[in-house]
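J.: Next up is a structure, given as structure tokens.
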Amino acid sequence: MSEHAPVPPSDRRTFVAKVSAAIVGGLITIAAPIAGLFPILDPLRRRSDTRGMVRVTSFAALPEDGVPRKFPVLDTLVDAWNRTENVPVGSVYVQRTGENAVRVLHSVCPHLGCSVGYNAAGRGYFCPCHKSSFALDGSIADPKSPSPRGMDPLEAVVRNGEVWVKFQNFRKGSPERVAV
């Protein structure tokens, strides 16, 4: 009686299996981290959100006598991973200047950034922090005012009975109006 020894697998077959396993393992090892980078790097490839016009109020909400009213500016903020609707980004004074025209002034004092209030008795604006005063058009009303420039005007349009403003902030303490 003869015993049969098990036949060892062919060297060629084991070689092909080992090479195939190495190639598949290598592809998985390389592909997984690369695929993981796409969600991380995707926001960096997007174009940054440039702010456009923001609806502030209806034109009918403005007094016909030209008295300015303060309105909050609500905008949609988009960062790399989030989009947040109706976020307060500042406030503005809106004044009716004509049949379909408005003047919009930033409500922050250009001196050091305090909130400017409207003084109805004095028909102008007043900063309570350092006593800067401004005329209705936003110009400096008192030559002794510590503010280096008048209030910052903002671009605005009236479309379909609504007031739209291009809201932006400016550098404080500078005589030049520099957007930040």
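The values are calculated or read from the model by the stated rules, or taken from the named source; none is laboratory data. Computed from a predicted model, the values in this text were never measured in an experiment. Counting neighbours? That spans all protein chains shown, and the Cβs are built from the backbone with ideal geometry, glycine included. Side chains included, ligands, DNA and RNA excluded: accessible areas come from the protein's heavy atoms. Shrake-Rupley method; radii C 1.70, N 1.55, O 1.52, S 1.80 Å.
J.: Roughly speaking, to the nearest percent, how much of the chain's 1.4 Å accessible area is carbon and sulfur? List each step's numbers first, then the result.
T.: On the way: 6850 of 11910 Å².
Exposed carbon and sulfur together represent 58 percent of the surface.
J.: Next up: So, for the chain, what is the accessible surface per residue at a probe of 1.4 Å, expressed in square angstrom?
T.: Numbers: 11910 Å² over 180 residues.
In whole numbers, the chain has 66 Å² accessible per residue.
J.: Heavy atoms only, 1.4 Å probe, whole protein assembly: order M151, M53 by accessible area, highest first.
T.: I get M53, M151, largest accessible area first.
J.: Counting other Cβ atoms within 10 Å, which trypsin sites (Lys or Arg not before Pro) in the range 21-128 have at most 14 and lie in a DSSP loop?
T.: For trypsin sites (Lys or Arg not before Pro) across the range 21-128 that sit outside H, G, I, E and B with at most 14 neighbouring Cβ atoms in 10 Å, the list reads R46, R47, R51, R123.
J.: Where does helix 11-45 land angle-wise versus the long Cα axis of the chain, in degrees 0 to 90, nearest 10?
T.: Helix 11-45 and the main axis of the chain meet at about 0 degrees.
J.: As a test of understanding, state the convex hull volume per residue of the range 116-180 from its alpha carbons, in Å³.
T.: Per residue, the Cα convex hull of the range 116-180 comes to 99 Å³.
J.: If the cut-off is 28 Å between C-alpha atoms, which lysines fall inside it for K172, apart from same-chain ones fewer than 8 positions away?
T.: List returned: K70, K131, K144.
J.: Using a 1.4 angstrom probe on the protein heavy atoms only, line up L105, L77, L27, L37 by accessible area, largest first.
T.: L27, L37, L77, L105
J.: If one puts a single equal scatterer on every Cα of the range 89-137 and applies the Debye formula without solvent, what log₁₀ I(q)/I(0) results at q = 0.14, 0.16, 0.17, 0.31 Å⁻¹?
T.: -0.35, -0.45, -0.50, -1.23
J.: Now, a different point. In what sequence, largest accessible area first, do H111, H4, H130 appear using a 1.4 Å probe? Before the final figure, lay out each step's value.
T.: Working: H111 35, H4 160, H130 80 Å².
Highest to lowest solvent-accessible surface, that is H4, H130, H111.
J.: Now a separate question. At q = 0.16 Å⁻¹, what base-10 log of I(q)/I(0) does the Debye formula yield for the chain when every alpha carbon is treated as an equal point scatterer in vacuo?
T.: Computed log10 I(q)/I(0) values: -1.00.
J.: At a Cα cut-off below 13 Å, give the aspartates and glutamates reachable from K166, other chains included and same-chain residues fewer than 8 away excluded.
T.: Straight-distance partners of K166: D75, D152, E155.
J.: Please identify every one of the chymotrypsin sites (Phe, Trp or Tyr not before Pro) in the range 73-132 that sits in a loop by DSSP and has no more than 14 other beta carbons within 10 Å of its own beta carbon.
T.: Passing sites in the range 73-132 are W81.
J.: Give the relative contact order (percent, whole number) for the chain; include only Cα pairs under 8 Å separated by 6+ residues.
T.: Relative contact order comes out at 18 percent.
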